Every structure is written in structure tokens, then in C-alpha cells.
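Below is one structure, written out as C-alpha cells; comments come after it.
Nothing in this text is a laboratory measurement; each read-out follows from the coordinates by a stated rule. Since the model is a prediction, treat every value here as computed from it, not as a measurement. Using ideal geometry, Cβ is built from the backbone for each residue, glycine included, and neighbour counts are taken over all protein chains shown.
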Amino acid sequence: MVVDDNEINRDLLRRRLSKVGFLIDEADGYTTAMERMALHTPDLILLDIMMPEINGVEMLKRLRKTYSQGELPIIMVTAKDESEGLGETLQEGANDYITKPVNFPVALARIKAQLMRKRAESALKEGEARLRDLFEHASDMIHVSDEQGHIVYANNAFCEVLGLASEDLEGASLEEWLHPAEVEGYREVMASLLTHEQSARFETRFVRRDGGILEVEGNMSCRLFDGNKTLRGIFRDITERKRVEMLKNEFVSIVSHELRTPLTSIMGSLGLMVGGVVGQLPEQAMSMLDIAYKNSQRLLRLINDILDIEKIESGKMDFYLKRHPLRELVEQAIEANRAYGETFGARILLEVPNDFAPEVLVDNDRLIQVLTNLLSNALKFSPKAGVVRVSMKPLQERVLIEVIDQGPGIPLAFQSRVFEKFAQAESANTRQKGGTGLGLSIARAIVERLHGEIGFRSEPGVGTTFFFSLPNQNLRSK
């Protein structure tokens, strides 16, 4: 829209701008402009400063009460000898200005720049509106707080899950709804985030308005906004999931304990019969007893593994840490599994550099359990007359233990699930080898409790290397 009391000036701008594709509306003053704007709002106004009735500066002031600079760009048009008043127009919210006589290429460039800016701001506001709508209707609890922990934004789910009204959030802190036992931990997380400007994933508990306890998991991060640090959190209610997990764990624990005692007795009796205590039995009966005995052993291993997993996940597995020469423990594990390897026609070879005698701070039994799980896997999948190599070597301030086999390798599709509970690659060969699918999961949990790291490398058709590292106490004590 061109607003100018001079018809010649209006006509000139209309003709020039129409030629380059703009649709032009005209007004000879404030009253006419407002009447036309009541019908449709222009994308941009070229506003003359010197007009009778109401001048351009006053019209600018009135328009800015309704429209922001991004919503309605206004470019002031003034004669060069009237340019002293331009400072006031810019202060009142003019987007730009052009002078008379109009340099059309310059004027066109400024008009296009303001329209591009308007489109960009419009797209940004539309994106912000969509994002806000997404936050408001998300099922997760989302909130933003300032450096002092005061909540500056919370979505509908945050209020509904905690039973709060929007007015409850005014000037409030997230700590007000945390379980008292969680406040100190929350403060430590917040202090770390504010210091390092990073993100943290954790679980915590809220107290609802009705007194109910809400368990949540989520992520909080620290970001700069307008030069100030803000804390942003997204939480998900896991109360029901935790309840189901607790019931499942209790059920598994009770059933496993109740099964282990009679199963141990059954296995002992079968072992005695297989060993000939009841005298010579027919060959067919011995074959059936042998099958029953081996299956009872497998079932007992499964029960023991389930109980170990339950203890680890509930934090009830005791670790009796003691500094110990690592080689001795590795040799014990190798000797304990040598006979098992012979059943598969495989042997174990230990490789240790000369004069390398690291000591580790471990629970001996648990570390041997890890080595046994890795060795039994390697032996099961080794070819006849195959060799399983156990390597010990230094790795900076740690010691690296590798169990290397010559087996078929781990299928690529299964590699991401190797350490999951009850995970076993789908193949006839795997099913024939047996196993509980818990050994590697237990091994990882134990190694991590010993402040170690565990992983593997595998090439299908070539073999697999499972490895873990532990702090070398010899180097740490220096």
C-alpha cells in the first residue's frame, strides 16, 4: 500500500512497482488507509512522512499499537530536506526509509528485503506455534526453568500428571514437587549441568498433589537463551513399569529359589545313578538317565543365572574386592574349563608378555565367572582341534584380557543384541550348543561393577574376540 497525499507520487510508485509484479493499493491519507486496511491488510506500507490531517509519524505510531515490525513492514518516504525526522520514525518502529526523488532500484531492493524478512519471521512464528502445540499436547512431562530453578514453562502433561493448576507454577521451583529423598541428587545434577552446559539422563521421584509417589525417567539439559542459562527437562512416568518390573523380579526370584532346592536334590540323585551307585543298569536306561542328568544340570545353570541377574539388577549381589595377581585368576579359569573344552575337541592357550604381572582389584569368584562365561562360549563354537587363545596385555593404565576363538563368528544382524538378556543367535548350531542366553549379560554387569569395560569383535566365518579391561593396580599405586 502506498500512502501519500500527492497523487503524482502515488501514481509513479504504483506504475513502477506494478511492472515488477506487485499488486498496489493506494491511500491519500490516514482515514482512507484505515478504511482500506479494514478490508485487507497489506504486506507492506510505503508511508509518506509529510501529510495533512495526520502525518506519517503519527500514523506510524498508531499502526505500531496493532502491528509489529515483522507483521507489517513500514518503509517511510521522505524528501531529502526532511530527512532530519527519520531518526524519530526509526525509533517509533519504521522498518526502513527511502528518500525523494525515489531511486527506484534502491527502493525496490529495500522493499524486497523487508518482504523477505517478513516471510522469514512468519515462517519462524508458524514453526514456533507448531512446536508449542506439540509440547502442549505431548504425553511426556516437559518443563523449562531458570538458573535458580524457578519454572518458567510447563506443558499440560506436567500439570495434569502432578495434579497441578497453572497458577501453582508461578514463581515455583521443581524441588517443591520432588520426593524429599531426591532433592539432594537433583541439586547435584543441576549444579553439574549449569557448570558444564551439557545434558544428563536420570531417574527421580515426584510427589503428586494428592500425595501419591510418581517415578519418572528423563533427560535434562542446560542451554543458553538470550544470554541466560536455562534448564530444560523431559520426563516420562514409569511408575507402572517399575511396579510390573518389581512384581516380575519378585516372582522370578521366588520361583527360582523354590525350584533350586528340589532340582539340586534330583540332580544329585541322577548323578549317583549315572555314577553306578545303584549298580549296573540296562544300556537304554543309562542313556535316558544321562539325558535327564544333563538336562537337570542345564536347568540348574539357568536358575543360577536368573538369580545372578536378579541380584545384579536389584543391587543385592555382594562383591568382596581384593587385590590379586590377574594371571593366577586367568589360569584358574582356564584349568577349570580345560576338561569342558576337551568335550568339543578344543584346547586353550594362554598368551602373556614376558615380565607382565598386573594386579587387579576384583572379587575373585566373580571375575572367574566372567572368564568362564567367555571361555565356555568360545569353546562351544570352536571347530574340532581348534584353539581358544586367552591374551593378557597392557593398555595404558589398564590391562586388556581377550578370549579369541576360531568359530563361525557372530551374525551381523545379531551383534547389536549380544549382551542382552536371553539373547541367542537364531541358528540350528546355536540351539544344539545349548546355553541360557544370560552368560554374556551377567559378564557385562560384573565387569562394569569392577570398573571395567567389555566388548567384542567378530567377523562371520573367521571367529570372535571377546575382550574386557580392568584398572591395573600396579600402575595406579605409583
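I'd like to compare 463-475, 273-285, 370-382: which one has the highest average count of other Cβ atoms within 10 Å, and what's the full order after that?
Top to bottom by mean Cβ count within 10 Å: 370-382, 463-475, 273-285.
Return one number: the angle in degrees, 0 to 90 and rounded to the nearest 10, between the long axis of the Cα atoms of helix 439-449 and the longest principal axis of the Cα atoms of the chain.
Value to nearest ten degrees: 70.
Using θ = phi - 60° and the Karplus form 6.51 cos²θ - 1.76 cosθ + 1.60, what ³J(HN,Hα) does each residue of the stretch 244-254 get, whole Hz, x for Gly and Pro?
Values, residue by residue: 5, 4, 5, 5, 5, 5, 5, 4, 4, 5, 5 Hz.
Counting pairwise Cα distances across the stretch 116-213, what percent come out greater than 20 angstrom? Each step should come with its number before you reach the end.
Working: 2285 of 4753 pairs.
Counting every Cα pair in the stretch 116-213, those more than 20 Å apart make up 48 percent.
Given a Förster distance of 25 Å, report the FRET efficiency between E397 and E335 from their Cβ-Cβ distance, rounded to the nearest 0.05.
It comes to 0.30.
Treat the count of other C-beta atoms within 10 Å as a stand-in for reagent exposure and order T32, T261 from fewest to most.
If I rank by nearby Cβ atoms, fewest first, I get T261, T32.
With label points built 7 Å along Cα→Cβ from the Cα atoms of M34 and F251, find their separation and express it in nm.
So the label points at M34 and F251 sit 7.4 nm apart.
Sorting T78, T343 on the 10 Å Cβ count, fewest up front, what's the list? Intermediate values should be presented prior to the final figure.
Details: T78 20, T343 9.
The order, fewest Cβ neighbours first, is T343, T78.
Hand me the trypsin sites (Lys or Arg not before Pro) from the stretch 1-93 located in a DSSP loop with no more than 12 other Cβ atoms within 10 Å, in residue order please.
Passing sites in the stretch 1-93 are K65.
If I model a spin label at Q148 and E182 as a point 7 Å from the Cα along the Cα→Cβ vector, what separation in nanometres do I get?
Taking the simple label geometry, Q148 and E182 are separated by 2.4 nm.
How big is the charge dipole of the chain about its Cα centre, in debye rounded to the nearest 20, if each Lys and Arg gets +1 on its Cβ and each Asp and Glu gets -1 on its Cβ?
Numbers: 59 positive and 71 negative charges, 463 e Å.
Dipole magnitude for the chain comes out near 2220 debye.
Compute the FRET efficiency between Y320 and A123 as 1/(1 + (r/R0)^6), taking r as their Cβ-Cβ distance and R0 = 51 Å, and round to the nearest 0.05. The partial results should precede the final answer.
On the way: r = 63 Å, r/R0 = 1.24.
My answer for the efficiency is 0.20.
Which one, G271, N304, P282, is farthest towards the positive end of the dipole of the stretch 241-314 when Lys and Arg carry +1 and Asp and Glu -1 on their Cβ?
N304
Does anything in the stretch 302-321 have its amide N under 18 Å from the 7 Å Cα→Cβ label point of R260, and if so which residues?
Label zone hits: 302-320.
Using only the alpha carbons, work out the radius of gyration and Dmax of the chain in angstrom.
Taking only Cα atoms of the chain, I get Rg and Dmax of 38.1, 126 Å.
Taking the Cα centre of the stretch 150-253 as origin, work out the dipole magnitude from +1 charges on Lys and Arg Cβ and -1 charges on Asp and Glu Cβ, in debye rounded to 20.
Dipole magnitude for the stretch 150-253 comes out near 340 debye.
Would you kindly state how much longer the chain becomes between L131 and L299 on full extension, computed as 0.36 nm times their sequence separation minus their alpha carbon distance, in nm to one decimal?
55.1 nm
Estimate the FRET efficiency between Q91 and Y67 by the formula 1/(1 + (r/R0)^6), using the beta-carbon distance for r and 22 Å for R0, to the nearest 0.05.
Working: r = 17 Å, r/R0 = 0.76.
Efficiency for this residue pair is about 0.85.
Roughly how big is the stretch 241-314's charge dipole about its Cα centre, with Cβ charges of +1 (Lys, Arg) and -1 (Asp, Glu), in debye to the nearest 20?
260 debye
What does a probe at V274 reach in the stretch 286-302, counting residues whose amide N is under 12 Å from the point 7 Å along Cα→Cβ?
What the label zone holds, given the 12 Å backbone N cut-off, is 286-300.
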